[in-house]
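Scroll down for the structure; my scribbles are underneath it.
The values are calculated or read from the model by the stated rules, or taken from the named source; none is laboratory data. The shown structure was predicted, so the numbers you read here are calculated from the model rather than taken from an experiment. Positions of Cβ are generated from backbone atoms using ideal geometry, with glycine treated the same way; all protein chains shown enter the neighbour counts. Calculation scope for accessible area: heavy atoms of the full protein, side chains included, ligands and nucleic acids excluded. Shrake-Rupley method; radii C 1.70, N 1.55, O 1.52, S 1.80 Å.
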Amino acid sequence: MEIVIPPFDLKSISPIIIITVFAMIILAIDVFFKKMLRDSLGYFTFLVIALTGMIVGTQLGETVYSFSNMFVVDNFAVFFNLIFLVSTGIVILLSICYTKQEGINNGEYYTLILFATMGMMLMASGADLITIFLGLEIMSISLYVLAGFRRDCVRSNEASLKYFLLGAFATCFLLYGIAMLYGATGTTNIKEIASFLANNPSLSNPMIVTATSLLVIGFGFKVACVPFHKWTPDVYEGAPTAITAFMSVGPKAAAFAAFARVFLVALPDVGQKWSIILWVLAALTMTVGNLVAIAQTNIKRMLAYSSIAHAGYALMAIIAGGDFGPASLIFYMLAYTFMNLGAFAVVIILGRKGEENANIEDYSGLGYKHPVLAVAMCIFMFSLAGIPPFVGFIGKFYIFSAAIKNGFIILAIIGVINCVIAVFYYLRVTVVMYMKKPVREFAPLSLSPFIIIALIITVWGTIHLGIFPGKIIALVQNSSLLY
């Protein structure tokens with residue numbers, strides 16, 4: 001029997017190859033070279049991300065299937081890969097000084113971030129459930145370690161252990177769902193599953209119904225939608241702040257990319273039938289996230305519940321589907337990248353070693369002590385709340401428009417009501433900064449040029465994309481290649 005090995009298209013996976021190779025080089029440098037060279041690993045990692053971003057940009061407009069149709073390069077994947085690389089680049093800029101301040105400036109820190117980014121890119125480009133699962137595990141295992149990277153901090157250790165245990169449990173649901181879908185259709189390829197379901201009544205097959213339910217649970221955990229969100233506030237609070245910022249953006253976007261590709265391509269018929277379940281999950285996620293965020297006094301926990309609420313908004317884009325659903329999802333993830341990473345940048349700047357100024361009351365009087373930082377924080381809070389003219393407003397408007405266009409008017413109304421609820425706790429931060437006296441002394445700020453660059457990028461993205469979103473929206477609308 002002759003074994004036929006399919007040809008390798010290395011060009012399609014060249015960004016993943018670059019990140020993988022340089023991640024291993026960075027780890028080797030950390031082990032074998034002097035401390036002086038190890039101190040430059042953050043700069044080197046940022047250059048790797050920039051190089052990868054330029055290569056990914058050249059893939060825009062292509063649709064290439066490779067590795068026996070298990071991997072795809074299309075506009076949908078390219079847009080998400082760019083989001084991953086932008087978020088990773090900003091996090092690295094935030095981490096260069098933060099890791100030295102916290103005493104965690106080790107080479108494996110940057111190696112794990114690169115491996116997590118590589119896993120995200122695999123998820124976005126996965127044209128097969130096995131590829132998506134492989135990317136998910138590479139990303140998740142890296143994040144489990146990064147969450148507990150402050151080994152001398154009990155809270156960080158607890159965050160890592162909780163994330164690992166609950167993440168492994170949720171992965172079992174996802175893997176079991178993949179196995180049952182394979183048993184029912186005879187394939188794990190997304191296009192072939194769609195073809196099988198188009199020719200066979202899906203809801204009459206209990207295996208497909210059960211598989212879809214398990215996939216919803218697995219992806220629901222990864223995007224932190226209610227009721228699979230319990231891990232989020234504790235992990236966000238315990239993890240190093242730079243890693244919390246990283247987890248809140250890139251991995252969430254990767255999970256949504258895989259979620260959208262599986263449900264809008266492989267399971268479009270089942271997705272329509274199950275839209276009521278996803279509808280309920282989106283409404284619960286928005287409402288629970290916003291209501292619980294109101295009660296938080298810790299800013300990292302507040303941003304964690306805010307992240308849960310934003311997952312509900314993003315889930316609306318998947319439910320909407322159609323021509324605008326994927327495009328609105330991409331734009332919203334890009335918008336969320338700038339405004340959320342910007343908020344965490346301010347938290348990192350104001351933190352001191354072992355004291356991250358995590359309580360909202362710690363920001364009292366910031367408007368008088370450090371007015372530029374206070375203005376930046378206000379911009380991010382207004383944008384997260386969906387107040388014009390910032391990018392958060394455009395992102396929400398785009399998603400709500402997609403939902404209304406496809407008949408989900410009540411869900412869009414629930415989303416608007418939740419935006420009004422969210423204004424309360426976002427503006428509370430602004431009130432504390434400008435209308436309360438300081439409760440503690442602010443330490444002198446030692447601003448590095450890297451963290452200033454990160455802050456400028458996030459402020460620029462939050463304002464510019466809010467005022468001039470036309471070009472980006474026109475680009476992401478080409479993500480219809482998802483279909």
Net lengthening on full extension, Tyr43/Glu441 (0.36 nm per residue, minus Cα-Cα): 140.1 nm
Ranked highest first by the average count of other Cβ atoms within 10 Å around their residues, in what order do 250-260, 466-476, 143-153 fall? 250-260, 143-153, 466-476
Out of Ile208, Tyr144, Gly177 - ranked by how far each Cα lies towards the positive end of the dipole of the chain, with unit charges on the beta-carbon of charged residues - the top one is Tyr144
Given [x] 44, 26, 23; [y] 34, 27, 20; [z] 38, 25, 22, which label gives semi-axes √(5λ) of the Cα gyration tensor in Å as computed from the coordinates? [y]
HN-Hα J couplings of segment 161-177 from phi, Karplus 6.51/-1.76/1.60, θ = phi - 60°, integer Hz, Gly and Pro as x? 5, 5, 5, 5, 5, 5, x, 5, 5, 5, 4, 4, 4, 4, 5, 5, x
Assuming a ≥ b ≥ c are the square roots of the Cα gyration tensor eigenvalues, decide whether segment 369-483 counts as rounded (a/c under 1.5), prolate (otherwise, with a/b larger than b/c) or oblate. oblate
Suppose a student asked you for the relative contact order of segment 136-230, using Cα pairs under 8 Å spaced at least 6 residues apart; what percent would you report? 25
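Any idea how many Lys pairs in segment 143-297 come in under 18 angstrom at the alpha carbon, given 8 or more places apart or on separate chains? Don't skip to the answer; put the middle values down first.
Values: Lys162/Lys222; Lys162/Lys230; Lys162/Lys252; Lys222/Lys230; Lys222/Lys252; Lys230/Lys252.
Number of lysine pairs found: 6.
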Only Lys, Arg (+1) and Asp, Glu (-1) charged, at Cβ; the chain dipole about Cα centre in debye: 1040
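On average, how much accessible surface per residue is there in the chain, in Å², for a 1.4 Å probe, leaving out ligands, DNA and RNA? Provide the component values of the computation, followed by the final result.
Values: 18410 Å² over 483 residues.
Each residue of the chain exposes 38 Å² on average to a 1.4 Å probe.
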Amide H to amide H under 5 Å from Asn359: which residues, 5+ apart in sequence or cross-chain, H placed 1.01 Å off N in plane? Ile299
Of the candidates Leu445, Phe133, Phe324, the farthest towards the positive dipole end of the chain (Lys/Arg Cβ +1, Asp/Glu Cβ -1, centred on the Cα centre) is Leu445
So for each of 81-90, 159-168 I average, over its residues, the number of other beta carbons within 10 Å; can you give me the resulting order with the highest mean first? 81-90, 159-168
Need one value: the accessible area of Phe76 in square angstrom, 1.4 angstrom probe, rounded to the nearest 10. 0
Probe 1.4 Å, all protein chains in place: accessible area of Thr188 in Å², nearest 10? 30
How much of the accessible area of the chain, probe 1.4 Å, is carbon plus sulfur, in whole percent? 71
